[in-house]
1. Give me the extension gain from I23 to S56: residue separation times 0.36 nm, minus the current Cα-Cα distance, reported in nm with one decimal.
2. Could you check the spin-label model distance between V95 and L14? Points 7 Å from the Cα along Cα→Cβ, value in nm.
3. Output wanted: per-residue J couplings in Hz (rounded whole) for the range 100-115, from phi through Karplus 6.51 cos²θ - 1.76 cosθ + 1.60, θ = phi - 60°, x for Gly and Pro.
4. Exposure proxy check: L68, L17, L130, L119 ranked by fewest other beta carbons within 10 Å?
5. Using a simple spin-label model with points 7 Å from Cα along the Cα→Cβ vector, what separation in nm is obtained for A34 and R76?
Amino acid sequence: MIRTPLRDSGSAWLVPLADLSMILFIITGVTLSARPPEDEAVPPPALGGIAQGVASGVFVDAPGAPPLAEWLALYRPGSGEQLTVEARFAPADRVRVAARAEELAQAAMAAGFAPRVILQPAPQSQVRALFAYDGANEGEAEQVAQSLLLSEQS
């Protein structure tokens with residue numbers, strides 16, 4: 001039996017690797033050709049939209065709940081937290097829910113906060129106030145997270 005230098009050097013793995021490289025090249029080409037042209041691509045979201053972060057404090061306006069002013073007096077928002085009065089309304093409750101959201105916003109302003117009010121349709125009506133680090137305050141939220149991480153490490 002005659003041995004070839006290729007088999008003796010242990011380089012038989014190069015052939016499957018080349019096959020896999022060709023398969024990857026073909027799949028990439030097909031994927032790129034299936035993409036829509038840039039002028040037909042989905043437009044990016046509009047700037048200035050509402051970017052809500054994860055709520056750090058939530059007040060739900062429900063029967064038996066304390067007044068919003070009491071909750072605001074007890075809550076100490078962090079630097080950069082935004083107060084949002086969020087009203088979700090069923091179609092039949094729009095006027096009532098919008099009026100209640102405005103009442104809560106007025107109570108928040110009387111307590112020294114400048115809330116933003118969001119009204120949106122939903123299957124069930126609910127009004128709530130919440131504090132969150134939003135997109136506009138993203139840098140401050142990152143600083144808070146980094147300071148918490150550093151305090152945990154020390």
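1. 7.0 nm
2. Here the answer is 8.3 nm between the modelled labels.
3. 5, 4, 5, 4, 5, 5, 5, 5, 5, 5, 5, 8, x, 10, 10, x
4. Values: L68 24, L17 10, L130 20, L119 15.
Starting with the residue having the fewest Cβ neighbours, the order is L17, L119, L130, L68.
5. 5.5 nm
Throughout, read-outs are computed from the coordinates displayed, never taken from laboratory work. All values reported here derive from a predicted model rather than from experimental measurement. Please note: Cβ atoms are built from the backbone with ideal geometry, for glycine as well, and neighbour counts cover all protein chains shown.
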